[in-house]
Each structure stands twice: as C-alpha cells, then as structure tokens.
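This report refers to the structure that appears directly beneath it.
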Protein chains: 2
Amino acid sequence: MNKSNTGLYSLAGLAAGQTSEAKADETRPWEKTTVVGRPIPRVDAYERVSGSAEYPSDVSLPKMLYGAILRCPHPHARVKSVDTSQAEKLPGVHIVATGTTPGFDVRWYYSRDSYSKIFDPLCLFEGDEVAGVAAETPYQASDALRAIKVEYEVLPAVSDEQKALDPQAPKLREKGNRVGEVEKYSRGDVEKGFAEADVVLEQTYSTACEIHTTLERHGCVANWEGDSLTIWESTQGVYGVQGGVARTLGMPLSKVRVIGKYMGGGFGSKLDAGKYTVIAALLAKRAGRPVRMFLPREDTYLAVGNRPPAHMKLKAGVKKDGTLTALEFYCLGTGGAHPAGGTSLNDNLVRDLYTCPNVRSEMTDVFINAGPARPMRAPGHPQGAWALEQMMDALAAKLGMDPVALRLKNIPTVSQAQPGNPPYTSTGLRECLEEGARTFGWDEARKKAEDRHGEGQEADIRRGVGMASALWVVGGGWPPATVIVRLFADGSVNLNMGASDLGTGTKTVMAMVVAEELGVDPNSIQIEHADTGTTQFASPSGGSKTVPTESPAVRAAALSVKKQLLESAAQDLKLAADDLEIQNGEIVSRSDPAKKKKITDVSALRRNAVVVGVGYRGPNPPNRSINPFAAQFCEVEVNVKTGEIRIVRFLAAQDSGRVMNRLTYQNQVFGGVVMGIGLGMTEERILDKEQTGKMLNANWHDYKIPTALDVPADMTCVPIDPHDTEANSTGAKGLGEPATIPAAAALANAVYHATGVRVVDSPISPMRLMRLFADRSKKES
Amino acid sequence: MNKSNTGLYSLAGLAAGQTSEAKADETRPWEKTTVVGRPIPRVDAYERVSGSAEYPSDVSLPKMLYGAILRCPHPHARVKSVDTSQAEKLPGVHIVATGTTPGFDVRWYYSRDSYSKIFDPLCLFEGDEVAGVAAETPYQASDALRAIKVEYEVLPAVSDEQKALDPQAPKLREKGNRVGEVEKYSRGDVEKGFAEADVVLEQTYSTACEIHTTLERHGCVANWEGDSLTIWESTQGVYGVQGGVARTLGMPLSKVRVIGKYMGGGFGSKLDAGKYTVIAALLAKRAGRPVRMFLPREDTYLAVGNRPPAHMKLKAGVKKDGTLTALEFYCLGTGGAHPAGGTSLNDNLVRDLYTCPNVRSEMTDVFINAGPARPMRAPGHPQGAWALEQMMDALAAKLGMDPVALRLKNIPTVSQAQPGNPPYTSTGLRECLEEGARTFGWDEARKKAEDRHGEGQEADIRRGVGMASALWVVGGGWPPATVIVRLFADGSVNLNMGASDLGTGTKTVMAMVVAEELGVDPNSIQIEHADTGTTQFASPSGGSKTVPTESPAVRAAALSVKKQLLESAAQDLKLAADDLEIQNGEIVSRSDPAKKKKITDVSALRRNAVVVGVGYRGPNPPNRSINPFAAQFCEVEVNVKTGEIRIVRFLAAQDSGRVMNRLTYQNQVFGGVVMGIGLGMTEERILDKEQTGKMLNANWHDYKIPTALDVPADMTCVPIDPHDTEANSTGAKGLGEPATIPAAAALANAVYHATGVRVVDSPISPMRLMRLFADRSKKES
C-alpha cells in the first residue's frame, strides 16, 4: 500500500509549484508523484452538486419534440396490423412511425450476425419496438402511443432458460434455442485431478438476472442540420454511439456528432447506441425538428439490457494441505432474445483465479423470450465468484482450514487461462488477502463471532464473518486512445479527451495526470471530453479500462507539451533541455536555479499562442497479463427468526495498480461493493415464467436495489499498490469492475458463518433464508 | 485571372476521387488544384437559410436572466448619485448593479494605457455605462432601467472634432484633447517635388463618421459553473474575447470559455470583448444565473464603435507625362472619447499606392465627447482613397489624361512606406486596371457618357463613368494559427480551427483546402470552430487576414494527415511513400496502380481509430511586402434636377492572390462595394454639434445604409490571380477589406464625370449635390 497517498491534499502545495520529478519518459511510470495518488475532490464537484451540470436528459432545444416508443406487451408475438389513424389525428402529434413509414425500414444489429428491423413484425420479447411517435409534449406522445391500435398474434413463449432446450419449447430461431456452440475450455486432466484430491465437493449455484437501473435513464436528443446529425446521448462512449448510428443509417462518421459530457450512470448498458437512438434520429429527420427520446423507467427494465442469470454446477478437488487439484464447471445462461453473451466470462475465475492444473468448463447459452442482456459491471465474474468463492469457503470448512489460508495456498503468478501462460505484470492477490485480513481483524472477528453463537438474549441474532477473492479478466487498458493537451498563452491548460466520465471521476484523474507533469492545479484545467465533434478518439468507458487506457495517452500528451516547452526554453536560455524543469509557472535550471524563464515567455508558446501536445496510448507489454485482484471481508448479523440480514461492516482490499486518486478510488470500491450487495441480497428480475412470461417487477418499487439502510456504515477501502512498472506508463490497472466481483460471495460466506446455512441461489432474501432454515429444521427433526 | 476557376463545380467529380497533384510540400503553393478555386456554395448554407444555425443571440439557457445597461444620456456628465431602490423592488428584477456594487469595481481598458471603470462616475460620451440590471424578462429589465434615478452634473461637451483643439473647448483629458503626438511621415523632399511638377493641385476632403450596423447586434450570453465562465458571444474572435475577459476579471484563460460559431456580421467592432461582455459576466456571477446581454440597436449606434470621420487636405504634384512628383497630406480625425485610432491608417494610400519619391503626411487625432471608434472594414483606407483617388481623377482631368492611364504610369513594385522598401510578393494593380478597364469597356463607356451629355429629353439625367484604385496595408496573413485535421475511422474528416466565420465563407474555404489534400467532398467535412474550449488558437477574423493566416495552417494540418497516411500505407504495401497518392478513398501506387489499399485499412488509422494532423501557420517570407490591390469602375446616372444618383453598374477587379472559392470571393467583393457605396452615398452619423451634442440618427430608420434599390443590379467581379508563390502556402492574400476601399471614390469620380461637380465631402446625398449644383449656378451666373 502506498502509505504516502493518505495525506491530505493541499492546494497550497500545488500553488507553490511542486512538480513531478519523473523524467520525461513516456513509457515508464512515475517513481514519485506529488499530485497523483492524493485524495482530490472531483474537479466537477460544483457542477454536479449545484445542478448546473447539463446531462443529456437536461438538453432542451428550440422546437424540440418528445419521442416515445410503443412496445410489444407480449414476450412473443407477431404484429398482424398497426392502425395509426387515430393517433395521427391527436393534437400535437407530428409523426407516428411504423415499420412501413418511409425511412424506417432499417436494420438494427444486436450483434455482427443478428439483427431485427427497427420496428420488426416479429416481436421476440416483452418491450420489443413496434412503433414510434413524436409530439409537442410528452403527454401528447404517450396519448398517441395509447391511440395506436395493434393486432398481435400472440405466440407461445419460453421464459425459463432451464426449459429453453426442451424439445417442446417454443423456438426463437429456426435452428433452435441454443446460441452458437457450447463453449468448452479445458486444461490438464480433471479426472486425474479429482483422483488426486483428498476432498471433492460438488454443488449447484445460481444467480438471478439483474437490471442495470442507471440513475439517468437511457435516451438521447437527436437533431438534424441538413444532412448532419447531432445526438446528445447518455452514454459510456460517444464514439461507439457515433459508429453504431453511422453504420445503421449508412452515414459517414463526420456527419454524425455525438455529445455525452455528463451522464447519470452506466454499468455496461450504455456502451453503445440503442434502438431508441436510431428511432430518435429517424423521427427527428422525418419531423424536421429535434426529438428528445428518454425511455420511461419501465422500458429500461425490459429493453436495454440486464446481467444474465446463471445456473452453475461446480465440482472441486483439493488436497489436505489446501492445494487445488481440479475444478469442473458447468453453466447455463441466457442473453434473452438476442445473442448477448448469456454466459459470457462466467467461467473466468474458475479458469484463472487460483493455481489449478486441471480445469474443465462447459457453458451453454440459450435464447428465451426476454429482453436482451448487455454487459453489466464485470460481466460473468460476480456469477462465477458466487459459485467458486462459496465453494472455496466450503472446501476450507471441510478441510478445517482458514478460508484466507486456503486461498493463500493457491496464489497464481501467471495467467493459466491465457495462451503461453503469460506472467502477471503485478499480482496483488496475496497482499489483498494478507493486508485485508490484518486490517479487518479477520482472525479475531471470526473467533468472536463463533464464540457468540448461541449466546443468551441475542440468540436470534447470529453474527458471521466471511470473505471472498476475485480477479478481473482484463485490467491494463489497451490502445487506441488519442488525447490532446493544450497550453493557453497564459500557461493555463486545456485537456481534450474523447472518453466519457461515468461519474467515476475520470475527468479528475486525468486532470491530475496533466497536473503531475505540468505543475498546475488540477482544478484549473479546462476539460473538453466525450464529444466526437471536438475530441480525438476514445473507446467506450467500460471494462475497467478507462483509466489504464486513457491516462497513459493523457500523460503522453502532457509530456509532449512539457518537452516542447523545455526544448524551446533550452534554446531561449542556451541551456540543455534536460537541465530544465517546471517550477511554479517557470522553467528553471536544475544546475543554476538563477537561470529561469516564465512559461508564458518561452518562445514556443509566444510564437503560436498555444502549445499543443498530442498523446497516443502505446501498446501493452508483450507476453504479459495485466489483471486487477481483490479480496473482500464482510461481517453480518442474521436474524434467524426473520431472515433479515444486517451487514455490520465490509472491507475491500483492492489491487488495481497505482492509486490515481485516493478519494475517487475509494468511491469506486464502495460503489462496487454496494452493487455486489445488490446481487447477493436484493436484486432479481422476476418473470411470470408459468403464465404470461412478462416481467412482474419492472419498476423501482418492486425491483429492489440496495438502499442506504442495506449498506453498512462501516466500509473500508484498503488500496494495495503493487508498484506495477510494466502495465503502462501510469501504472494504473482497472478498478471499477473488480470491486464488485467478490462482494456477494463474501456476503454469502458470512451468512453461512453466522447460520451454518449455505445459500447457493441469489438473492439471499429473508424469504429464501427462512425457507432454508425451515428445510434444515425439517432435516434435523 | 485563373481561367480554370470559372467552370461549374461538380460534386460528381469529387466523388470520383479527383485529388490534388500538388506534392506534399507545406510551404509551396499548389501548382494545380481540383477543388480550390471552384465556385462551391457554402458548406453551412442549409443551416444558414433554414434557420437551424444557432447564433449567439439565439442561445437560451435554463433560468437565463435578461441583462440591460443604463447609459448616460449626455455627451459629458458626472454621475452625482444613483438611486436603485425603486428598481430593485420591481417584480422579476434580480440585480441592479452600479459602480459600488461588490464585484463591479473593475477597470475596462479601451487601450493599453486608457481605461474607465465598468460604471465610471465620469461619463465621456452619450451611451457611457452607468448601471446594469438583470431580470426575468427583457421587459422587466428595461422597466428597471427606467426606475433607476440618476443625478447627473451635465458638463460642457465638445462634439465637433474640428473645434476640439480650440483653447476654449471643454477638455476630455487633463492634458487636453490631442491624442498622443501628431503622427508624421515623410520621404524625399516634397517642396522639391512640387517644384518639379508641371501641375500642382490642392484640395480639402472629408468623410463622415460611419456606424458598423451589423445585422446581429453586439452582445453575449454569460454563464458560470463554479469558477468557470462560459460566454457565447457574437464575435469575430473568440480568443480575443477570452483574453480580454480573463485580463479584466483576473482569471486564467482556462477558466474562460468563449464560443462563437455562427455570428451575424462583424466589420471590426466585434474583434474583442466589449464592456457589455464584462457586465454580463459580472451580473451572471452575482445572480448565480446565466445572463443574456444583447444591446438594443440604438445602443450599438452610440457605444460599440464607428469609422472615425476624417478631415483631409491633399496637395499633389505631377509631370505632364503623368509621373507623380510629390504628395502632401494633412488629416484631422477623432476616435471619440477614448484613444481608438481616430486617424489610423488614413494616409496609407498616399504613402504606398503609387510610386512617388516625395511624400509627407501629418495626422492629428483628437478626443471628442462621442462614442469610441473601432476598426471598420479597412480602417483609414476608404477615407484616404476618397481624397487620393479623387485627386488622381482631378490631376488626370487637368492633364487631359485618361484616369486609368495616369494610374498605370505610377504602378509601384516595392512598398515605399516600409523600411527597406521590400518588394511585393505579387502586384496585381496593373492587371486590375487593365483587365478591369477592358472587361468594363471603360473607354467606350466614358466616350458614350460624354457624347450623351446635354442630349434632348434626357438632359436632366446625366451619365458618368469613374474609377478608383486601392491597396490594403496588409494581406498575407501572419502567424500564429494552429489547426487540427482529423481522419475518422471510416476516412471521413473533421476540421478543428479557432477562427470565426463572419459569414464570409471561411468554413467553406477551409473545408476546400482540406478537400484538396485529402480527396474528400468539402461538404462531408465536419467543422468545429470558434470555441476556445475545443479548438487550438486563432487570432480574430479581421484585417482581411483570416484566409491567408488560417488556410496555410489548415493545409499544413491536412498535409500532416496525408503524410502519416501515405507513410503508413508505404510500410503496409512495402512501397515508397512518394510513390503513393490518394484516389477515391484509396492509397494507390503511381507506378503500379494495381497496388493499393483502402484508407480505412491503413495501419496508422486502424491502430488509433483516428489520424490527427496538427498544422501551424509558418512565418511570412522575410523582406517582402504582401498586399492586395484593387481597381473599381462605376457608371452612374445623376438626376441634376433632384440630385438623385442611380448606380448603373459596378465592376471590381481584385488582386487578392489565389481565388480560393470563386463564389464566396465574388460575394465578398460585392459586399465590399456595397459598403463603399454606403460611405459614398448614404451613411453619416449626425451629431447635434451646436446644442446637445447627442446623436440624432441612432437608429436604422434615420441612419441610411444602402438598400437593394441603392445597389446596382449589374455588378461584376474580375478576380486577378497573380499566382503568388511567395506569400504563403496557399497563395491567398486578403480580400474582405480591399474590396471596399476604392468604391466611394470611384462613385464620386463617376458623379464628377456625369455632372462636372466634384463632391469632396461624403456622403453624396441628393441634398448635398443640389447645394453644389446651386453653388455652381451662382458662380456661373
């Protein structure tokens, strides 16, 4: 852990011109920093809390119309006819568009090989798009939707993924409901491994389908000027939206401008454009007016993505000393009605988290009549962790070993799942486990909880302590990223980057990277970002790759500015450039501090009134694996009379490479833990599988996300900085997703520790827990 | 003239992939072009005519307040007290600010050495700022202005510049009313020159004060987010406004973002911020709400600039053969109440338009109690041309020489006024005169007009033909300018430049420069411009320097993209980069056209998903003078019974270097001629010099700008392309201003030719003309 990162950040220090001592080396990470690593509040904090920040859903254009989408109410149906005549007569209604409206005969590609029409006559899920309207007010738009008469032929539907492959199940595709081939992985010889094991356990697990429920709903405002389209979209990646819309509408990228700026949360379901984006654009084109299309909350439950449910079976073998000998994993999942990675990455932890010579996995993805999945914070990993990390806990119990010790026994040094088994640039898993356990007081807490079991008056409240580990499949970021840093004539700085800030603090971290090199206050840096018309290029902010992808490009751009400045000052001062450094707005000679020049007087800046530095993201180091690691520790109280769980405290030890900003780092980790608690304890898409196939809790009242009362007041973040000198030029690895992976499993293990009941199906709701208590009583009696 | 530039532009040709054959040389102009030079309609034509273009005065922000400024009604007064209590009580009024309001004690610098406070208690002109308000509606704001009670001590004022130096004149400054020292210039020996002359004439001339009267009024919308200020301003230069506001408010440039984009006309009075900009920013800060501050039309007459009036005396000597021997010039002018270049550049044509060994000039600038001047389209030059070009006409008449022949006799090859007499990179004056006269049919028209004088029934309508020449003081542009051209992943293009497009077609011309190099349709290029937050740097669009300054930077940026593409393709194809060229979206080998690669497949583009080219404006060639030249020809009919003038036709021959776009070139020239007609025939600020000192025609009804009926239907533009290979890498020289310089003088010479009356004071109104006819009759009788 980088102890120096815990000091309070002082603006006075910066104002006094403290600058990095790192040499201008674009590939090597800093040895020492003065800005990066500190806990600096967000540079856009004022805008966010004052309400002056303009989110895409705040955009209001003159003459803007309100768009709305009519969605199929059935999980599977054929549209026989659409009568728009009444809707078109309503006041304020400008456009009522169906699949036959000119311009709307467009294909929307859910994946490279799979598309449906914008308004497809065959509806494959509840929420599939049937028609669109644009009207003067949102009320007129929704009245118009109600006035459209659609005749559906309701088709039999399959809503239960475990029944999708039954021969009599209704089929979504001619070929059947299996998505592609069964995904198989194997190394070593699992049979041999199980034979060598002293203990072999086998268990089924399942996780429920989760919904993204971003605070800002999905949508955009679309506006045409001649043949040029501008879209303000709540998105994780403006370039992804630009590409998707351009491809769909057959336009050059230069004619599609996408502006993101602020956005109210994205966990993977806003990585790309949605059908709603294209519908908004087509309505706007036809109306000759801007169209605002933000989906109702209910629609976001049905149609814009989810974390696929997983049905898993895991068999594990282990020697008495804790050495893993074999892992065998089966998984069935569904991405819903379109190929959307129903089992994507579910087996990654089984493959790679622990040293294990013999591993086999098989994953089966099926179609069902439900909304398509989209990546959700660490796709597949929390599901896999739910199985593997509960299994590790069970193995430890069976062996009579400490769960932390069992994991320490199997720490990997290379990625076993990658071809050639590349070594990790850094592996902080051991430190996460050790430093995490020490800080948490693991041993004492376990013992104290066990000692208290069955105590007097509080007998109904059982205390338990559990933990789990994780790695995330990627983490070092990757090219391309292109960034521009610009010095104004007075020495102040503008940062231009394509990446979106999902609310995680990307802008702040990048400003700190610039500040580190150029010796300016990060709060003084002007930032232009997330606009395809004004920035260079960035891939979507997702995959925990934003900081490790963008920060090296930002640093390279800042270093380019610094290099130009120092070289020009060297000419001006007749000194060597490497004798010069930036101090407090001046270029000063290291050897003779009397020799100096104001930045604003350096010829390079005076000549052009600006110094422009373009920075590119270099390639990752060859034959290396770059992964973040995590270990989380959880203490709970379970009321065995009500099944209620109170999470007493949570500690997350995280190796995500360099800690860029101690404050936003912690916020990311806490946010990840909270989402993990949601998976573990509260969240579940409920489909009416037996009858209508419809979603029963498509709203924020019935679909439970953790509230402040579900989250422990006592949360601790323990950053493990492995001083990674290989990953990239800033040393940062991914943070956003790994923090959410082990949380639900740690919670389940704590519940087991408290109650002796193993909850293998998520979420651990009071009702489910009480049912399991009852089952146990029956068994015991 | 570049004959190849007159062909109709064909998009089909571009689509077929015609590209420049110019070699990738960043400093040498193209030898041959396929896009540049054609008559291409503006790339933003749709937005402009459809109304979808958002001008700064269209900007409307949520919770925006309306600002208004209380202005002193007296030309000279001291504010004794301001009572805002009633105004503050009015509904909807948020702020009533005076000089004592916290935050408003700020100095506004009219020039480096001269400032007044934002609300200065000493008012020096009618329209000086006294207080400001911000209210919910514009009506509430103007009600609030009326409710402010101001007690003024009215001071004696001087409104007549010719009386400003009288000892008893009221003084605007302690030192007196003279602005700085008398500006003196001399070369050779004028006494000797006059002694050598065969003919010597001396004459006084004057031009009236003109107002800019831009279609979009002056103003901005100002909005704060925390300590960051964003200003949407109708401006010719966003970086100028940014600098002015940052300096005034003591902010770093990175905290002031200025956005221009569209703007509704600027002729010099929008080169920088105005006091209104700062007042808007301060009101917005105090209100915590955005403030819109666009001035009422009347205020723009009083307070935001004008073309200073000029009182000139010119003495000229010439030999019988037409050789000029001496010129002596005296000028008195005023920039109003603040030092604003009251005589700036008035003598430049006398110094430099014709070869003349002996020249002397003296120019006296004075303060008067009137609104400060600001540069107006070719500052000083139309005034000087009014004198010099009428004098040349008079000399020709006296010598019995043709006016064109007299000018051809005195064509310069070097700048005589510049130190070292640097040669011109190109001098198109001879071609302007010869090609202009030939195309106009000068000889025939003069003869025909003279033959008709005194003809039968039409005796009251006299026809006359006149001409005049010009040069403009600068013309080659100059650094700095920094531009970025960016290739999207699909090969389409984004152009990022800081410069404003005043409506002259800058965006279109720059898109053509990119298209020339990269072989794309100029209409497909996305343009980001005039925003200090997203572009690099540009000086204000003024001085006719925008195209010659920016276009070489744009070309350099495009060439940088081209170079990166060709070099990467050369590696990909294992060919030499100079064997490759861009054709129709592909990189093709010249030697073996079968060897080729799609642009979108070139590694450099695939690697980064973008290719970024940064282009800088290089320095001008040393020891060279770069100037545009012009000659204009005018035919009029004068009704000698009413004094009405009908301009029958106008021809403008223009050497502004390379013709970048035949269509926008012509538009610029016609616009320049129309403004010259305004100076010559209709425009005049009328001050009540004898009594109140107030302006009597501060509105569009009483101040006459030329209407469609005042402008000839028959206008011809004759571009003279001198194939300038030295000026810069595009060969363009300035165009906007030179086109307006000789027009008024050509008109006056045509009126003289028609009537025999020399109108030496502008404007040539019917009343003035009738008075002169009456004077002549008196003299003759």
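The values are calculated or read from the model by the stated rules, or taken from the named source; none is laboratory data. As the structure is a computational prediction, the values presented were derived from the model and not from experiment. All Cβ positions, even for glycine, are placed from backbone atoms using ideal geometry, and neighbour counts span all protein chains on display.
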message: If a residue must be acidic (Asp, Glu) and under 22 Å from the mean Cα position of the chain (by Cα), how many such residues does the stretch A:615-655 contain?
response: 1
Candidates B:TRP472, B:TRP442, B:TRP478, filtered to the one that is of a type outside the set (Ser, Thr, Tyr), under 30 Å from the mean Cα position of the chain (by Cα), within 14 Å of another protein chain (Cβ to nearest Cβ) and closer than 23 Å to B:ASP655 by Cβ: B:TRP478
- prompt: In the stretch B:479-534, which residues are touching a helix residue (DSSP H, G or I) at 6+ places or on another chain (Cβ under 8 Å) and polar (S, T, N, Q)?
  reply: B:THR482, B:SER492, B:ASN494, B:SER500, B:THR504, B:THR506, B:THR508, B:ASN523, B:SER524, B:GLN526, B:THR532
query: For the stretch B:719-748, how many residues meet the condition of being β-branched (Val, Ile, Thr) and surrounded by fewer than 24 Cβ atoms within 10 Å (Cβ to Cβ)?
result: 1
query: Taking the stretch A:215-227, which residues are within 14 Å of chain B (Cβ to nearest Cβ), touching a Lys or Arg at 6+ places or on another chain (Cβ under 8 Å) and part of a loop (DSSP other than H, G, I, E, B)?
result: A:ASP227
- prompt: Does the stretch B:603-617 contain at least one residue that is more than 14 Å from chain A (Cβ to nearest Cβ) and surrounded by 21 or more Cβ atoms within 10 Å (Cβ to Cβ)?
  reply: no
statement: Expected single match for without any contact (Cβ under 8 Å) to a residue 60 or more places away in the chain and in contact with a helix residue (DSSP H, G or I) (Cβ under 9 Å, 6 or more places away or on another chain) among B:VAL711, B:VAL757, B:VAL718 is B:VAL757
message: Restricting to the stretch B:602-657, name every residue that is out of contact with any helix residue (DSSP H, G or I) (no Cβ under 6 Å at 6 or more places or on another chain), among the hydrophobic types (A, V, I, L, M, F, W, C) and not in a strand (DSSP E or B).
response: B:LEU605, B:ALA609, B:VAL610, B:ILE626
- prompt: Of the numbered conditions (1) crowded, with 24+ Cβ neighbours inside 10 Å; (2) part of a helix (DSSP H, G or I); (3) touching a residue at least 60 places away in the same chain (Cβ under 8 Å), A:VAL350 satisfies every one except a single condition; which is it?
  reply: (3)
statement: Conditions (1) at pLDDT 95 or above; (2) in contact with a strand residue (DSSP E or B) (Cβ under 7 Å, 6 or more places away or on another chain) -> B:LEU61 fails only (1)
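Return the only residue of A:MET293, A:MET312 being under 30 Å from A:GLU196 (Cα atoms) and touching a Cys at 6+ places or on another chain (Cβ under 9 Å). Walk me through how you get there before you give the answer.
Working: A:MET293 fails: under 30 Å from A:GLU196 (Cα atoms).
That would be A:MET312, the only listed residue that is under 30 Å from A:GLU196 (Cα atoms) and touching a Cys at 6+ places or on another chain (Cβ under 9 Å).
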- request: Could you tell me whether the stretch A:565-577 includes any residue that is away from chain B (no Cβ under 14 Å), under 30 Å from A:ASN627 (Cβ atoms) and crowded, with 24+ Cβ neighbours inside 10 Å?
  value: no
message: Please verify whether B:GLU183 is surrounded by fewer than 15 Cβ atoms within 10 Å (Cβ to Cβ), modelled with pLDDT of 95 or more and charged (D, E, K, R), treating the condition exactly as stated.
response: no
task: Filter the stretch A:727-781 for residues that are modelled with pLDDT of 95 or more, of a type in the set (Ser, Thr, Tyr) and part of a helix (DSSP H, G or I) and give the result.
output: A:THR740, A:TYR752, A:THR755
field: Residue pairs meeting the criteria (Cβ under 7 Å; at least 6 apart or on separate chains; first in contact (Cβ under 8 Å) with a residue 60 or more places away in the chain, in the stretch B:422-444; second in a helix (DSSP H, G or I) and among the aliphatic types (A, V, I, L, M))
entry: B:LEU433/B:VAL404; B:LEU433/B:LEU408; B:ALA437/B:VAL404; B:TRP442/B:VAL404
message: I'd like the full set of residues that are of a type in the set (Ser, Thr, Tyr) and within 18 Å of B:ALA280 (Cα to Cα), limited to the stretch B:85-102.
response: B:THR98, B:THR100, B:THR101
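Look through B:VAL200, B:VAL245, B:VAL238, B:VAL258 and report the one residue that is touching a Gly at 6+ places or on another chain (Cβ under 7 Å) and within 14 Å of chain A (Cβ to nearest Cβ).
On the way: B:VAL200 fails: within 14 Å of chain A (Cβ to nearest Cβ); B:VAL245 fails: touching a Gly at 6+ places or on another chain (Cβ under 7 Å); B:VAL258 fails: touching a Gly at 6+ places or on another chain (Cβ under 7 Å).
Every option except B:VAL238 fails the conditions.
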field: Residues satisfying the stated conditions in the stretch A:261-276, i.e. in contact (Cβ under 8 Å) with a residue 60 or more places away in the chain, away from chain B (no Cβ under 14 Å), over 14 Å from A:GLY736 (Cβ atoms) and assigned to a loop (DSSP other than H, G, I, E, B)
entry: A:MET263, A:GLY264, A:SER269, A:ASP272
- request: Answer yes or no as to whether A:GLU581 is away from every other protein chain (no Cβ under 12 Å), assigned to a strand (DSSP E or B) and either surrounded by 24 or more Cβ atoms within 10 Å (Cβ to Cβ) or on the phi < 0 side of the Ramachandran plot (or both).
  value: yes
message: With the requirement that a residue be buried (at least 16 other Cβ atoms within 10 Å of the Cβ), more than 30 Å from the chain's Cα centre (by Cα) and within 30 Å of B:SER159 (Cα to Cα), what does the stretch B:75-103 give you?
response: B:HIS76, B:ALA77, B:VAL79, B:VAL82, B:ALA97, B:THR98, B:GLY99
statement: For the stretch A:46-62, the count of residues that are facing another protein chain (nearest Cβ under 8 Å) and within 20 Å of A:THR664 (Cβ to Cβ) equals 4
message: Checking the condition in contact (Cβ under 8 Å) with a residue 60 or more places away in the chain, among the small types (Gly, Ala, Ser) and within 11 Å of chain B (Cβ to nearest Cβ), which residue from A:GLY533, A:GLY503, A:GLY543, A:GLY519 passes?
response: A:GLY533
